[in-house]
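Take a look at the structure below.
The values are calculated or read from the model by the stated rules, or taken from the named source; none is laboratory data. Predicted model only: the values in this text are computed from it and were never measured. In this analysis, Cβ positions are derived from the backbone assuming ideal geometry, glycine residues included, and neighbour counts consider all displayed protein chains. Side chains included, ligands, DNA and RNA excluded: accessible areas come from the protein's heavy atoms. Shrake-Rupley method; radii C 1.70, N 1.55, O 1.52, S 1.80 Å.
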Amino acid sequence: MGDKEQKVRDEEQKVKNKELFIRPKSGLVRVLSVHDALIFNIVCIAFFSGSIYAFQMTSYLAPGANVSLTFLLTILFTLPLYLSWAMLASSFPRSGGDYVFTSRLVLPSLAFAATFSAWIFWQLWYNACFPIQIIWQSISPFLVMMGNSAASDWVLSHTGMLVVGIGLLFLALLAAIPGMSFYAKLQRILFAFTIVSIILLLWVLASTNPASFAERFNSFMAATTGNKMDWYNQVINVAKEAGYVPAPFSWYDTLKLIPVAMMCMGYGFWSIMIMGEIKGAKETKLAVYSIYGSVIIMGLFFASLYALLQNSGSLFYNSLFYLYMKGDPFISQIPFWPNYMFIAAVASPNLLCTYLIQLGAAANVFNLMVMMYIVGARVMFAQTFDRIWPEKLSYLGTRYISPIYALIVYFIGSVIWLIPAVFYPEIYFYFTAVVLGVLLAYVLTGIAGITFPIRMKDAYEASPIAKYKIMGVPLIQISGIATLAFCGFLLYWYLTVPELGLMNPISVSIVLIVYVVSIVYFYIIRWYRAKYQGINIDLAFKNIPPE
Amino acid sequence: MVKALQKKKFTRIFFATDIHGSEKVFLKFIGAAKFYGVDVLILGGDITGKMVVPVREQADGTFKCEFMDQKWHVKKEEVEKLEEKIKFVGFYPYRTTEGGAKKLYSSPKEYEKVYKRLATDRLKRWIEIVQERLKDTDIKVYIAGGNDDPPYIADLLTSSNLNPEERVIYIDENHEMVSLAYSNITPWKTPRECSEEKLAKKIEDLLTKVENMENCIFNFHVPPINSTIDTAPKVDATTMPPKYVVERGVPVMIGAGSVAVREAIEKHQPLLGLHGHIHESRGAIKIGRTLCVNPGSEYSEGILRGVIISFDEKGIKGYQFTSG
């Protein structure tokens, strides 16, 4: 190549370089990779949290269900819902989650009420329950296995649960304060422990069989209770007397469990709450990968887990869960909360393996607690930007660039919920309809998908999803309609199966009161801002026309 | 009713910044006056586009170009639509031949000449739009430059009486505004950047003209340092192009604002600071009694990010970020 040509090439490269370093300046800077976002969503689905109920409830609620098939069907049925989230989030790639797009595409007051209820109010309740879960599931069994029953008794006492609970909530707050750069590193560490736990869990269950499991269970119970009877078969016999009858496979029962599976599988989209901090957030395919990818991975995991659980003896674990769900007095003799973690701990060949499984479980739940802070604070942050909450909640600390006050409010809210969770556990009865407090957010997402190409035509056509159409119909609208159909499917089960908890009038009333109070608050603040501050908060939700 | 309540008592300004040549966003900015019901429109700096995109005519009558990492090859009847896309992200389409494009790349002088012509043409058109659309209204419009805008841009704005830079203007009977386009040193060697010492001198010279500091508005393009509205990824300027500094897989974030601006705000405590420069740091913060805002920018997506601030003689009553 001659000198002149080289000079031309050099100048061309300079101009291209100029464009290259222009682009990073013109967009939002994002800290998390798309793989971090995938992990984020996997953690949200929560290995050892909501999934437990799908396994526990089977023999009592849906004895003919094939739980593996339930989870596989859930992967399929949730596709429209997750597609709606992924597509809308990639079109509105900023932090604050579905509040950002449902407030613009549906109705601001309703969007505020739905997201406040779903992602702040009721998540504060769950966040208060997570420390209790860590205590029951990891701390107490660990202390017992270390031979310190007295310490275990203390952590399980009201005082112990309150103190340790506040301690864990505070620790999670400290982990959330330094912001997403720190969280990205923390998540990778905690997830590494969780992965080890998962692998060991599956291996332990795969390595056992009913006979050897029975022997281990009996040894375990003999060691903890001092009674050397055949506990394994006793569980089966007691359940039989209490009314448990194994049932043949039933599609009805299998489908009936989908709403229960959604208690975990319905949360794998939470990366949309931090969308402004994820690289490649505007790429729809990457959004689908990180969001729907979590559902596929976790659905397959839970399906496999259930299949492997058979190795402990399906009659045994179904009987155990049946007695637990029925509240049979016999179950009080089992020293731990019966779930698949407990079964794996019993089947485990050694203490180290058991510790690692429990450590990973605790790591996952703690990770989820930190995540709850981050998500809740970002929803509050987005709502504050729209002037709905006091300005202080949008304050970003100068040291960590993190919404400090929003996080502190979240901590205080979680502690407030912890008190009744510890001292008045009967309060759980009043929250059985909480699913209704979350369902509206899903419904509004479906509606937003339908209205997007209509209400914000310019923004839709400029969005990355405009090119996705089926027979000329925007895919987001098809997905939105299918999302509403899926919400209808969920509602059908909740209305026809009393055990799912929606038929509790007190609980339903509480949920509705939260919605109504939120909407009233919205209109009061709207009036106040207009009258005393000259701010029309409606303007935050309107799309300004270019001409 | 809401609008009536607002109109009675407050002066309302709409501030946006860093639109980098995006015509779509500029049109939304002009439309914001009526849409948001404000009295004053203020466009902060960095109003010019970042680069020229040669749209090269081929022998067969088709056209080729490359921008935003994509290659385009369109027919003659589609070239105007392509040029609209280029304008949408704020760049300047330049219809030429392959030879013309080579000349442009090979000669920085030629490039600057073409850039200047296209940038001033677009700005002249914008000025005409302002004069046409707002001529029968009481809405005041101010368009300031930023560090990315060459001095000839400021001259053009001054000649059309839209430029508030380096003078004191009254946006209402109680509130003065001073504006400054210059920034502290950046990794990108922009036309209007200088050392912190020079910046401090420019600020102090400007502020000697202010009568009532308590009600003054600082329209300074660069935000105060370490204020959270200046947070940007750290850049290694020794490489070309400059690269993000990454530690353990995560970009290092720093305060990229100005020490001089921060010290001026801390010392003089004006009513309000309007800032831009760092697109990703939308937010508001109080430094003492001074509310400092940065509405951020998403011009390349065609989104007008702005902030409405309402105040009266007693002070700021409220503010609200918008995203249109």
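Considering only protein heavy atoms, what per residue accessible area in square angstrom results for segment A:343-473 with a 1.4 angstrom probe? Provide the component values of the computation, followed by the final result.
Details: 4960 Å² over 131 residues.
Ligands and nucleic acids excluded, the result is 38 Å² per residue.
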Checklist outcome for this item: With all protein chains present, the protein assembly as shown has a carbon and sulfur share of its accessible area (1.4 Å probe) in percent of 61 percent
Checklist outcome for this item: Amide H neighbours of B:TYR94 at under 5 Å, excluding residues fewer than 5 places away on the same chain, with H built from the backbone geometry, are B:VAL53, B:VAL55
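Considering only protein heavy atoms, with the full assembly of protein chains and a 1.4 angstrom probe, order A:VAL517, A:VAL370 by accessible area, largest first.
On the way: A:VAL517 90, A:VAL370 0 Å².
Final ranking, largest accessible area leading: A:VAL517, A:VAL370.
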Item to check | Helix axis angle, A:180-207 relative to chain A longest principal axis, alpha carbon, degrees | outcome: 30 degrees
Checklist entry - Tell me, what ³J(HN,Hα) does each residue in segment A:262-272 have, in order and in whole Hz, if you take phi through Karplus 6.51 cos²θ - 1.76 cosθ + 1.60 with θ = phi - 60° and put x for Gly and Pro? => result 5, 5, 10, 5, x, 10, x, 10, 5, 4, 5
Checklist outcome for this item: Projecting the Cα atoms of B:LEU82, A:PHE112, A:LEU156 onto the charge dipole of the protein assembly as shown, where Lys and Arg contribute +1 and Asp and Glu -1 at Cβ, the residue farthest towards the positive end is B:LEU82
Checklist entry - Which whole-number percent is the relative contact order of chain B (Cα, under 8 Å, 6+ apart)? => result 19 percent
Checklist outcome for this item: Here the percent of antiparallel bridges among DSSP beta bridges lying wholly in the protein assembly as shown, to the nearest 5, is 60 percent
Next on the checklist: Could you put B:LYS113, A:LYS228 in order of accessible surface area, largest first, with the 1.4 Å probe and the full protein assembly present?
Outcome noted: A:LYS228, B:LYS113
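Provide the percentage of antiparallel DSSP beta bridges, counting only those with both residues in segment B:208-324; round to the nearest 5. Don't skip to the answer; put the middle values down first.
Numbers: 21 of 28 bridges.
For segment B:208-324, the DSSP antiparallel bridge percentage is about 75.
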Item to check | Cα Rg, Dmax (largest Cα-Cα span) when computed across segment A:218-338, Å | outcome: 20.2, 61
Checklist entry - Pairing the Cα long axis of helix A:351-385 with the longest principal axis of chain A, what angle in degrees results, from 0 to 90 and rounded to the nearest 10? => result 30 degrees
Checklist entry - What ³J(HN,Hα) values, in whole Hz, does the Karplus curve 6.51 cos²θ - 1.76 cosθ + 1.60 give for segment A:82-98 when θ = phi - 60°, with x put for Gly and Pro? => result 5, 5, 4, 4, 4, 6, 5, 5, 6, 8, 10, x, 10, 6, x, x, 5
Checklist entry - Using a 1.4 angstrom probe and counting only protein chains, how large is the accessible area of B:TYR152 in Å², to 10? => result 50 Å²
Checklist entry - So how exposed is A:TRP417, as accessible area in Å² (1.4 Å probe, rounded to 10)? => result 40 Å²
Checklist outcome for this item: Listed by chain and number, the lysines with an alpha carbon less than 19 angstrom from that of B:LYS124, same-chain partners under 8 positions apart left out, are B:LYS24, B:LYS28, B:LYS50, B:LYS87, B:LYS113, B:LYS116, B:LYS135, B:LYS140
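From largest to smallest, what semi-axes in whole angstrom does the protein assembly as shown give when each is the square root of 5 times an eigenvalue of its alpha carbon gyration tensor?
Whole-Å semi-axes of the equivalent ellipsoid: 56, 29, 25.
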Checklist entry - Under a plain spin-label model, where a point goes 7 Å from the Cα along Cα-to-Cβ, how far apart in nm are A:GLU461 and A:LEU202? => result 4.8 nm
Item to check | Using θ = phi - 60° and Karplus 6.51 cos²θ - 1.76 cosθ + 1.60, couplings along segment B:287-298 (whole Hz; Gly, Pro as x) | outcome: 10, x, 8, 8, 8, 10, 10, 9, x, x, 8, 9
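Averaged per residue, what accessible area in Å² does segment B:179-235 show with a 1.4 Å probe, protein chains only? Each step should come with its number before you reach the end.
Values: 2300 Å² over 57 residues.
Accessible area per residue: 40 Å².
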Checklist entry - Using modelled backbone amide H atoms (1.01 Å from N, in-plane), which distant-in-sequence or interchain residues come within less than 5 Å of B:VAL141's amide H? => result B:LEU41
Item to check | Distant-in-sequence amide H partners of B:PHE67 (H built 1.01 Å from N, under 5 Å) | outcome: B:TRP72
Checklist entry - For B:ILE169 and B:ASP236, what is the calculated FRET efficiency with R₀ set at 41 Å and r taken between the beta-carbons, to the nearest 0.05? => result 0.55
Checklist outcome for this item: Asked for the total accessible area buried by A and B (1.4 Å probe, Å², nearest 100), one would answer 5600 Å²
Checklist outcome for this item: Taking a ≥ b ≥ c as the square roots of the eigenvalues of the Cα gyration tensor, with a/c under 1.5 meaning rounded and otherwise prolate when a/b exceeds b/c and oblate if not, segment A:433-547 is oblate
Checklist entry - Can you give the accessible area of B:HIS277 in Å² (nearest 10), computed on protein heavy atoms with a 1.4 Å probe? => result 20 Å²
Checklist outcome for this item: Accessible-area order for B:LYS75, A:LYS285, largest to smallest, probe 1.4 angstrom, reads A:LYS285, B:LYS75
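State the antiparallel share, in %, of DSSP beta bridges confined to chain B, rounding to the nearest 5. Display every interim value, and only then the final one.
Details: 37 of 64 bridges.
If I count the DSSP bridges inside chain B, around 60 percent turn out antiparallel.
Counting only C-alpha contacts under 8 Å and six or more residues apart, can you give the relative contact order of segment B:167-227 as a whole percent?
About 44 percent, as a whole number.
Would you mind calculating the relative contact order of chain A from Cα pairs under 8 angstrom and at least 6 residues apart, reporting the percent as a whole number? Could the numbers behind the result be given before it?
Details: 813 pairs, mean separation 170.6, N = 547.
Dividing the mean separation by the residue count of chain A yields 31 percent.
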